Structures are given as structure tokens and as C-alpha cells.
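The values are calculated or read from the model by the stated rules, or taken from the named source; none is laboratory data. Because the structure is a prediction, the values reported are computed rather than measured. In this analysis, Cβ positions are derived from the backbone assuming ideal geometry, glycine residues included, and neighbour counts consider all displayed protein chains.
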Amino acid sequence: MLTTLKVGRVVLAGAVILSFVLTSGGSVSARPKYKAAADEAYADLAKAKGTDNKFTCSLCHPVKDKKVRNNYGAAFGKHLEKKNETDDAKLKEALKATEKDNSATEGKTFGDLITAGELPGTDKAAE
């Protein structure tokens with residue numbers, strides 16, 4: 001038989017679980033330093049093409065699955081010395097090195113596109 005005490009415990013447990021689910025369900029950037037480095041390095045482009053003056057994940061990822069990268073994201077990843085690099089200087093170096101790589105636009109590098117005010121990556125997964 002359910003007593004008031006038992007019902008209270010069940011309601012309290014449910015409230016705790018619900019609050020945990022609601023607070024942990026927010027959007028999280030897997031590599032926030034990568035986005036921050038790009039926002040800083042290409043502030044004008046982020047203002048023009050981003051959301052709230054910042055890039056979205058679509059700069060490097062064409063789909064929600066963050067394991068899938070576009071051509072710019074794949075090129076950037078090749079210039080990183082290690083997976084999940086956190087050193088700001090190394091991230092800036094990788095961004096600069098990626099600028100020299102050829103983009104999907106014939107005859108243009110990623111840097112050419114960025115200078116022209118265009119997003120460097122495609123909306124397709126890298127091959």
C-alpha cells in the first residue's frame with residue numbers, strides 16, 4: 001500500500017531525474033577551442049557569415065554528426081599535431097596552414113575564399 005511518504009519519495013526522485021535530464025540536454029561543442037580560434041582568426045568572416053558573430057559547427061561539419069567533416073574541416077585536421085589539440089598557438093598555426101590548401105573551388109585556396117568573404121568549406125562530407 002502506498003503511503004504519503006512513499007509517494008513523496010517517488011515524486012522527489014522523478015523531479016531529480018527530470019532536472020538532470022533537462023540541464024544536461026544542452027548543445028555542447030566537442031571542440032570549443034577550435035571554434036574559438038576560428039572566430040578570432042577570421043572575425044570579419046564570422047560576423048558576416050556566422051551566428052551572433054561566431055561560426056557554427058558547419059564551418060567544418062556539413063551534418064550534425066561531428067565525426068563527418070567537410071573538405072575544410074578535413075584539411076584543418078591534417079595540420080593538427082594531435083587529436084583534440086588545445087594549444088591556442090598550434091590551432092592558429094593549423095588555421096594558417098590550411099589557408100594554403102586547395103579548396104573545392106578550382107584555382108582557389110581556402111585562404112582565397114576566406115579573403116573574399118566566403119566560407120571555405122563545402123556543404124558535403126570530405127572524400
Query - Conditions (1) at pLDDT 95 or above; (2) more than 17 Å from residue 39 (Cβ to Cβ); (3) under 17 Å from the mean Cα position of the chain (by Cα): number failed by residue 102 - result: (3)
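Quick check, is residue 80 surrounded by 14 or more Cβ atoms within 10 Å (Cβ to Cβ) and not in a loop (DSSP other than H, G, I, E, B)?
no
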Report task. Out of the residues in region 41-77 that are farther than 22 Å from residue 105 by Cβ and in contact (Cβ under 8 Å) with a residue 12 or more places away in the chain, state the one that is surrounded by the fewest Cβ atoms within 10 Å (Cβ to Cβ). Result -> 53
Report task. Give region 83-123 a look and list any residue that's surrounded by 17 or more Cβ atoms within 10 Å (Cβ to Cβ), in contact (Cβ under 8 Å) with a residue 12 or more places away in the chain and of a type in the set (A, V, I, L, M, F, W, C), or say none. Result -> 91, 94, 95, 110, 114, 119
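Just one of 100, 82, 90, 64 is touching a Ser or Thr at 6+ places or on another chain (Cβ under 8 Å) and not aliphatic (A, V, I, L, M); which is it? Full working, then the answer.
Values: 82 fails: touching a Ser or Thr at 6+ places or on another chain (Cβ under 8 Å); 90 fails: touching a Ser or Thr at 6+ places or on another chain (Cβ under 8 Å); 64 fails: touching a Ser or Thr at 6+ places or on another chain (Cβ under 8 Å).
The match here is 100.
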Query - Checking residue 68 against (1) assigned to a helix (DSSP H, G or I); (2) within 13 Å of the chain's Cα centre (by Cα), the condition it does not meet - result: (1)
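Each row is one residue, and each column tells you yes or no for (1) closer than 16 Å to residue 35 by Cβ; (2) among the charged types (D, E, K, R); (3) in a loop (DSSP other than H, G, I, E, B).
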{"position": "85", "(1), (2), (3)": "yes, yes, yes"}
{"position": "98", "(1), (2), (3)": "yes, no, no"}
{"position": "106", "(1), (2), (3)": "no, yes, yes"}
{"position": "123", "(1), (2), (3)": "no, yes, yes"}
Report task. Go through the residues of region 34-45 one by one and say whether even a single one is at pLDDT 95 or above and under 18 Å from residue 125 (Cβ atoms). Result -> no
